[in-house]
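Below you'll find the structure, written out as structure tokens, and then a few comments.
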Amino acid sequence: MDASPALCLILLALTVLPLAVLKAHSTRLTGDEVYTLRIAQQPTIASMLHLSRQIDLHPPLHYLLQRASLATHLPIWLASRAPSILATTLTLALVFLFVARRLGNLFGLLAASILWFTPIIDFAWLNRPYALWLCLLTATAVFYQRATEPRRNPWLPLLLFLAALAMLLDYMAGLACLLPFFLAEAHRTYRRKRLDPALCLALILPCFAAVLYLQPLAAFATNSFVPQYLHSFDTAADIYLATMTQPLAVLAACIFAATVLLSPRPAHPEPLTPTPPPAADLLIAISLFALPLLLAAIATIRHTQFFSRYGACGAIGFAFLVPWILLRYVPYPRAVATLMTLALLIAAAVQTSSANFEIFGPWRSFRPMGVTPLTLDRLNPTLPLAIANPGGYTEMNDREPAALLARTFYLYDRESAAKFSGSTVFETEAQTAALMGFHGKTAPLAPFLSSHRQFYLVADYNNAEEWLPRKLLASGATLQYLGKFQSTYADEDLYLVTAQ
């Protein structure tokens with residue numbers, strides 16, 4: 001493999017594509033994925049762009065690729081996730097190319113293996129912009145690396161510009177992800193004592209695409225958020241923990257195995273790398289690894305929510321760094337890299353063999369009770385059904401029959417949401433449901449309670465975002481627990497509510 005980059009790339013594709021396709025097939029679309037799908041399915045590109053600015057607030061590139069994928073007439077479960085499947089496969093290939101350029105194919109495989117063991121592999125079957133963002137970020141790194149070499153191809157600055165621009169047109173954090181390249185180019189300019197106008201323009205011009213972010217940021221700023229989502233630096237710590245734990249555990253096992261297998265031999269350990277990593281490569285890797293801290297700081301300053309997926313770019317920097325650290329500090333680095341590649345193949349085979357398994361399946365409702373769970377279609381058809389979780393309401397509109405949706409409600413009340421959950425992000429659900437063409441209904445809380453003294457409720461009291469059950473209890477309503485129902489959603493508890 002060290003002599004055949006094509007073989008390495010084929011191997012990496014085989015570790016992703018079967019797994020991602022099986023996962024996409026066995027996993028239903030989540031609430032956010034339904035948003036992406038409905039936006040991409042709009043009759044015209046103009047209406048698609050308008051709807052994306054009203055609802056999902058992401059730049060347009062992912063929706064455009066989703067739209068093109070849906071035009072292939074593949075099954076929805078595959079067409080909607082095909083851009084992410086291909087993007088994740090390409091991300092692994094680009095990480096391989098970035099590291100292999102300096103250290104050889106074997107260590108390129110090591111870097112790709114490290115990345116595979118991080119949580120970003122899950123983006124491969126998620127119909128959201130994150131997989132494409134990381135793909136374009138890695139493409140930017142590869143093009144920048146090639147463009148800073150002597151005798152560069154004259155097309156490389158243009159390719160760098162296009163990759164950086166596409167990254168900003170896919171995801172808002174793309175703007176922050178250009179910072180490592182500005183740092184690397186500033187250091188390179190200092191060392192060369194002169195500017196490289198082509199590369200400077202290739203990095204600066206895409207930044208003007210950030211004007212697309214003004215309206216989404218203004219809309220987002222009007223909301224309040226669940227307090228537990230505002231602990232940005234705690235989330236950043238979780239990002240690093242999740243990013244490093246599994247790859248380092250597998251790497252430690254490979255180092256131990258290589259030491260046990262090779263240390264009895266009389267031969268000397270493999271020599272360390274004779275030259276330090278190029279400063280630009282090292283700056284990019286370290287800056288990307290540290291970027292989740294910067295994003296967490298921005299979220300703290302803006303007092304906005306911060307989830308682990310927002311800092312996924314740190315995994316790219318981590319994958320770039322590990323091969324250099326291995327070469328510098330670990331004996332038998334080539335043996336470790338070989339064992340790590342073997343571990344990747346084993347893990348991919350194991351994951352693929354169990355991929356046709358859904359976490360939120362209707363069967364899970366039986367286990368906690370030992371009795372047959374309820375089904376929503378057998379409830380009293382004269383009583384409405386309220387859904388406390390906004391994501392669950394969105395998913396129901398994608399999965400449930402029209403007859404059930406005709407009496408399914410999402411109730412909104414901005415004051416109660418702010419008081420009992422701290423989050424007002426979904427208190428415009430009436431407009432969202434109308435724009436998305438949902439068959440389910442929405443209603444303000446107070447008029448609904450006035451006209452419906454009794455109704456069913458699907459809720460999880462312990463979910464911080466679901467304010468409705470706490471509000472109902474505070475207002476004196478009676479919540480009779482009916483048990484579990486056959487749920488494919490995060491919530492599986494069913495109540496009969498009698499309003500006071």
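The numbers here are math on the coordinates, done by the rules we state, and not lab data. Just so it is clear, the model here is predicted, and its values are computed rather than measured. Methodologically, a virtual Cβ is constructed for each residue, glycine included, from the backbone with ideal geometry; neighbour enumeration extends over all protein chains shown.
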Legend entry - Residue-wise HN-Hα coupling along the range 472-482, computed from phi with Karplus coefficients 6.51, -1.76, 1.60 (Hz; x: Gly, Pro): 4, 5, 5, 8, x, 5, 9, 10, 8, 6, 9
Legend entry - the range 362-498, dipole about Cα centre (Lys/Arg Cβ +1, Asp/Glu Cβ -1), debye to the nearest 20: 340
Inset, instruction - Evaluate the distance, in nm, between pseudo-label points positioned 7 Å from the Cα of Q228 and of L473 along their respective Cα→Cβ axes. - result: 1.5
Legend entry - Zero-based 10 Å bins, Cα pair distances in the chain, whole percents: 4, 17, 26, 25, 16, 9, 4, 1, 0
Inset, instruction - Would you mind classifying the range 426-500 by shape? Square roots of the alpha carbon gyration tensor eigenvalues, ordered a ≥ b ≥ c; an a/c under 1.5 is rounded, otherwise it is prolate if a/b is larger than b/c and oblate if not. - result: oblate
Inset, instruction - Would you kindly derive the ³J(HN,Hα) couplings of the range 80-87 from the backbone phi angles with the Karplus curve 6.51 cos²θ - 1.76 cosθ + 1.60 (θ = phi - 60°), listing them in order in whole Hz, with x for Gly and Pro? - result: 5, 9, 4, x, 6, 4, 5, 5
Inset, instruction - With a point put 7 Å past each Cα toward its Cβ, work out how far R328 is from A68 in nm, to one decimal. - result: 4.0
Inset, instruction - State to the nearest 20 debye the size of the charge dipole of the chain about its Cα centre, where the only charges are +1 on K and R beta carbons and -1 on D and E beta carbons. - result: 1020
Inset, instruction - Specify the angular offset, from 0 to 90 degrees and rounded to the nearest 10, of the alpha carbon long axis of helix 31-40 from the longest principal axis of the alpha carbons in the chain. - result: 80
Inset, instruction - Would you kindly calculate the translational diffusion coefficient of the range 121-222, applying Stokes-Einstein with the Kirkwood radius from alpha carbon pairs, for 20 °C and a viscosity of 1.002 mPa s, and quote it in µm² s⁻¹ without decimals? - result: 147
Legend entry - the chain: calculated mean residue ellipticity at 222 nm from DSSP helix runs of at least 4, using -39500 (n - 2.57): -18000 deg cm²/dmol
Inset, instruction - Amide H neighbours of Y412 under 5 Å, at least 5 residues apart or on other chains, H built in the peptide plane: list them. - result: A443, L445
Legend entry - Rounded if a/c under 1.5, otherwise prolate or oblate - the range 326-418, Cα gyration tensor axes: prolate
Legend entry - Three semi-axes of the equivalent ellipsoid, the range 362-498, Cα gyration tensor, whole Å, largest first: 22, 17, 15
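Where does each of 1-8, 169-176, 227-234, 21-28 land if you order them by average Cβ count within 10 Å, highest first?
Ranked from most to least packed, the peptides come out as 169-176, 21-28, 227-234, 1-8.
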Inset, instruction - Could you work out the equivalent-ellipsoid semi-axes for the range 123-180, taking the square root of 5 times each eigenvalue of the Cα gyration tensor, largest first, in whole Å? - result: 23, 11, 9
Inset, instruction - Have a look at the DSSP beta bridges in the chain and tell me what percent are antiparallel, nearest 5. - result: 50
Legend entry - Under 16 Å from the Cα of K23 - aspartates and glutamates, other chains or at least 8 residues apart: E33, D122, E358
Legend entry - Over the range 53-143, equivalent-ellipsoid semi-axes from the Cα gyration tensor in Å: 27, 14, 11
Inset, instruction - Give me the net charge of Q246's neighbourhood, meaning all other residues with Cβ under 14 Å from the Cβ of Q246; Lys, Arg count +1, Asp, Glu -1. - result: -2
Legend entry - Debye log10 I(q)/I(0) for the range 202-254, one point scatterer per Cα, at q = 0.15, 0.21 Å⁻¹: -0.77, -0.86
Legend entry - Partner lysines for K471 [C-alpha distance under 18 Å; skip if fewer than 8 residues away on the same chain]: K419
Inset, instruction - Could you run the Karplus curve 6.51 cos²θ - 1.76 cosθ + 1.60 with θ = phi - 60° over the range 434-439 and give me ³J(HN,Hα) per residue in whole Hz, x for Gly and Pro? - result: 5, 5, 7, x, 5, 8
